[in-house]
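Right, one structure below, let's go through it.
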Amino acid sequence: MTDLERRSSDAEHRRREILDAAATIFARKGYAATSIQDIAEAVEILKGSLYYYIDSKEDLLFEVIQEVHRDGLARLEAMRASQAPALERLAAFVRSHVEYNARNLTKISVFFHDFRSLSPERRQLIVEERDIYDHHLRGLIEQGQKEGTICPGTDPKMAAFAILGMMNWMYQWYRPDGDKSPEAIAEIFAEMAVRSVACPGRKHPGHAG
């Protein structure tokens, strides 16, 4: 590794530390109540030195929130290749989302508490990315209706809102030291989501492993 590569790697590692520290403090205090000095102290550098890595506090908030969406879209891209029936894909979608939320409580908390602290332009970017995710879930429900496994009277938009709400609210109550693992909760939620939209009496593979 050259000196330039080493310096670049060190700078990236330091920036990662700053982002993680910012996310932790935002989650604990809230974005508005967090100061640049708080973040600088958390990573043990001078306040002025922090601006070597960022231009503003909002840059940190935007990157934390955008990371949640980048991760979600990456998982979504991997799932899109599946040719499984819609209910199986719905269950897989829920498992993936719930496990991610459980393992990334800090970032998820920041997203839901402080999303509206972003500038209108940055909020719009996040909304556009979120819509891709939402539309995929609605598409799974519509596909299940075409396959005959999801009731035709189900409103895909409302069903998607309900499933996302159920999954996203877990950041309020889930505790890593609780009696259920992320995998166990993901399986329970996947089965609940499938049962909420599947036509009664129809055999479905929605909670298959």
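FYI, it's all coordinate maths here, none of it is from the lab. Please read all numbers here as calculations on a predicted model, not as lab measurements. Neighbour counts are summed over all protein chains in view; Cβ atoms, including those assigned to glycine, are modelled from backbone coordinates with ideal geometry.
Values as computed for the structure displayed
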item	result
Helix 120-147 axis, angle to the chain major axis (alpha carbon atoms, nearest 10°)	20 degrees
Spherically averaged projected area in nm², based on the convex hull that wraps the Cα atoms of the chain	14.5 nm²
Relative contact order of the chain, defined on C-alpha pairs under 8 angstrom at six or more residues apart (%)	26 percent
Where chymotrypsin sites (Phe, Trp or Tyr not before Pro) in DSSP loops with at most 14 other Cβ within 10 Å are excluded, longest remaining stretch of the chain	53-172
Estimated dipole of the chain in Debye, rounded to 20 [Cβ of Lys and Arg +1, of Asp and Glu -1, Cα centre]	600 debye
Nearest-ten-degree value, helix 105-114 long axis tilted from longest Cα axis of the chain	80 degrees
Added length on full extension, which subtracts the Cα-Cα distance from 0.36 nm per residue, Arg14 to Glu44	9.7 nm
Within a Gaussian network of the chain (alpha carbon springs, distance under 10 Å), most fluctuating of Ile45, Ile185, Ile18	Ile45
Residues of type lysines that Lys57 reaches as a straight line, Cα spacing below 27 Å, ignoring anything fewer than 8 places off in the same chain	Lys29, Lys47, Lys107
